[in-house]
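The values are calculated or read from the model by the stated rules, or taken from the named source; none is laboratory data. What you are looking at is a predicted structure, and each value in this text was computed from that prediction instead of being measured. For neighbour counting, all protein chains shown are included, and Cβ atoms are generated from backbone atoms with ideal geometry for every residue, glycine included. Heavy atoms of the whole protein, side chains included, go into the accessibility calculation; ligands, DNA and RNA do not. Shrake-Rupley method; radii C 1.70, N 1.55, O 1.52, S 1.80 Å.
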Amino acid sequence: SPRLLPCLHSLCAPCLRRLGPLGEAGPAAARSVLCPLCDAEVELPPGGLAQLTPDYLALGPGGGKAAAGCDLCADGAAAGRCRTCGADLCLFCCQAHRRQKKTASHAVTELENTKDSSQARKPLFCPSHPTEELRLFCEQCDQPVCRDCVVDGHRHHPCDFTSNVIHRHGDALRELLNCTQQHVGALEGVLSRIDDMGSAVRSRAEAVATEICLFTSGYMKAIEEHRDLLLKQLEDLKMQKENLLRLQKAQLQQLLLDMRTGVEFTERLLTSGSDLEILITKGVVASRLAKLNSVAYNTHPSVDDRIQFSPRERAGQCCGYEVFGAILNKVIDPTRCTLHGEDLHSARQNQLTGFTLLCNDTMGERMGRGGEAVQVTITHKDKRDCAVKPTVCDNGDGTYHISYSPEEPGLYAVCVCVKGQHVQGSPFALMVKNKFREHRGVFHCCTFCSSGGQKAARCACGGTMPGGYQGCGHGHKGHPGCPHWSCCGQVKESSECLGGPPSDPSQRSLLRTVAV
């Protein structure tokens with residue numbers, strides 16, 4: 001009684017009963033078991049092992065089952081099957097079956113020469129109605145049913161013969177199979193590249209080891225000890241990279257093995273399974289293939305072969321001697337380099353300002369040394385011919401100070417690149433403001449007149465009346481404008497007001513006082 005686990009591995013009933021639950025005891029632990037073939041944790045149906053999908057392929061031809069005997073004489077091996085009776089017959093009984101009057105019209109198919117082996121298999125009967133054969137498929141419940149099931153529990157459900165729905169459901173499985181096969185090819189390519197990268201890492205490590213030996217060959221005991229230390233560091237670095245590659249390779253090999261298992265089982269199901277067997281098994285197969293197809297994996301090796309030796313790098317003291325030469329495995333990563341500064345996004349016209357670039361390696365750690373190619377461009381967004389020439393200062397510790405002095409106000413685009421790639425936050429917008437704020441309001445003292453001389457009244461540009469100026473004395477409200485009051489704080493005596501000059505001499509005297 002083989003059953004199919006969600007990972008598409010088939011286990012017989014005794015093996016299934018020996019599987020213990022995972023985790024601590026409880027209702028949740030009894031719902032999952034560990035597959036003994038692929039070590040995958042699989043969830044069981046609510047009904048337990050008994051509700052697992054039967055593996056009819058394991059019972060069919062080539063599925064590992066012993067050769068069936070004759071159902072009539074029980075002496076010879078089955079050579080054919082009566083498609084009318086559903087009985088396996090030996091060669092002698094096949095001939096007798098055709099000669100007998102009652103069974104002469106029955107269709108007997110030879111097992112060995114049957115091209116479609118699914119047509120020669122015994123019919124499958126309904127577990128709820130053991131005398132009824134499963135010939136129909138319920139679309140709503142997504143399961144094969146018999147005639148009694150249609151009348152009983154599936155009365156109003158859309159049902160059709162299995163031969164009519166097998167094409168649609170088989171095509172859906174084939175689409176999933178094609179997608180899984182593509183992943184199999186991609187995984188094989190990734191594993192091949194991982195093997196190549198492992199060879200490259202070892203080759204590069206050997207080359208660096210030779211370079212280190214040549215560099216230290218001229219020194220005495222202190223230099224020889226320094227050489228041994230460098231080789232040990234190199235070996236540790238090589239082992240670290242190889243361990244990461246081996247870990248990635250093992251994970252991808254397991255994923256590839258799972259996908260191959262799914263592909264092989266699905267291909268065998270689609271080519272050797274009957275229509276009813278495909279419909280019975282398609283749910284668990286489609287679920288497994290969809291789960292495998294959703295697994296994300298890196299298509300590139302997790303490490304690279306960048307291992308460098310710097311003979312000019314100071315390595316400190318060794319046996320009282322200053323030695324040189326160090327292994328450099330830090331490689332700058334532009335995407336991890338950051339920009340810092342209070343005025344990063346704003347500046348003033350004709351004022352020197354700047355910001356700092358902090359360079360980090362691929363692990364996000366500070367580089368600690370300079371010498372990188374840093375390019376900075378600052379371009380006006382509205383005036384393409386207007387650009388600011390920045391100055392880049394290498395501090396020698398992995399930081400770079402960029403200073404500039406914009407001559408034109410407006411919006412600029414700033415690009416900061418290291419080795420031709422944008423750093424984190426680049427490009428970004430820079431707003432350059434005027435050195436002195438330009439007055440854009442209306443000379444509008446009548447705003448204050450219209451408000452009745454309130455101190456809180458505001459001009460069109462947002463300015464307020466200093467000292468509580470109480471109006472110009474025109475005796476009316478709301479005329480368009482007056483040059484007596486400018487919002488930038490300038491007051492002029494003039495008769496150009498559209499409402500006319502002040503009529504009261506005391507108001508004119510007050511106006512002169514405010515001007516002073």
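Roughly speaking, to the nearest percent, how much of the stretch 90-215's 1.4 Å accessible area is carbon and sulfur? Could the numbers behind the result be given before it?
Values: 4050 of 7860 Å².
Here carbon and sulfur together make up 52 percent of the probe-accessible area.
Translational D (Stokes-Einstein, µm²/s) of the stretch 70-111 at 37 °C and 0.692 mPa s when Rh comes from the Kirkwood sum over C-alpha pairs?
Details: Rh = 9.7 Å.
Calculated translational D: 338 µm²/s.
Would you kindly state how much longer the chain becomes between M220 and Y297 on full extension, computed as 0.36 nm times their sequence separation minus their alpha carbon distance, in nm to one decimal? Before the final figure, lay out the partial values.
Values: separation 77, 0.36 × 77 = 27.72 nm, distance 4.98 nm.
Extending this stretch completely gives an extra 22.7 nm.
For the stretch 227-324, which chymotrypsin sites (Phe, Trp or Tyr not before Pro) pass both filters: DSSP loop (anything but H, G, I, E, B) and at most 16 other C-beta atoms within 10 Å?
Working: sites: F265, Y297, F309, Y321, F324; in loops: Y297.
Loop-located and lightly packed - Y297.
Multiplying the sequence separation of R260 and K232 by 0.36 nm and subtracting their Cα-Cα distance, what value in nm do you get? Let's see the in-between values first.
Details: separation 28, 0.36 × 28 = 10.08 nm, distance 4.06 nm.
Roughly 6.0 nm would be gained on extension.
Give, in nm to one decimal, the length gained when the segment between A200 and R306 is fully stretched (0.36 nm per residue of separation minus the Cα-Cα distance).
Values: separation 106, 0.36 × 106 = 38.16 nm, distance 0.98 nm.
Additional length available on full extension: 37.2 nm.
Between N329 and S163, what is the label-to-label distance in nm when each label sits 7 Å out along the Cα-to-Cβ direction?
6.7
How large is the convex hull of the Cα atoms of the stretch 227-281 per residue, expressed in Å³ as a whole number? Intermediate results must be reported in sequence, preceding the final value.
On the way: hull volume 2.8 nm³, N = 55.
Convex hull volume per residue, Cα atoms: 52 Å³.
Rounded to two decimal places and with Rh computed the Kirkwood way over Cα pairs, what is Rg over Rh for the stretch 164-294? Before the final figure, lay out the partial values.
Numbers: Rg = 24.9 Å, Rh = 18.4 Å.
Rounded to two decimals, Rg over Rh is 1.36.
Show me, for the stretch 254-262, the HN-Hα J-couplings you get by feeding each phi into the Karplus relation (A = 6.51, B = -1.76, C = 1.60, θ = phi - 60°), rounded to Hz, glycine and proline as x.
Here the 3J(HN,Hα) series is 5, 5, 5, 4, 5, 5, 5, 4, x Hz.
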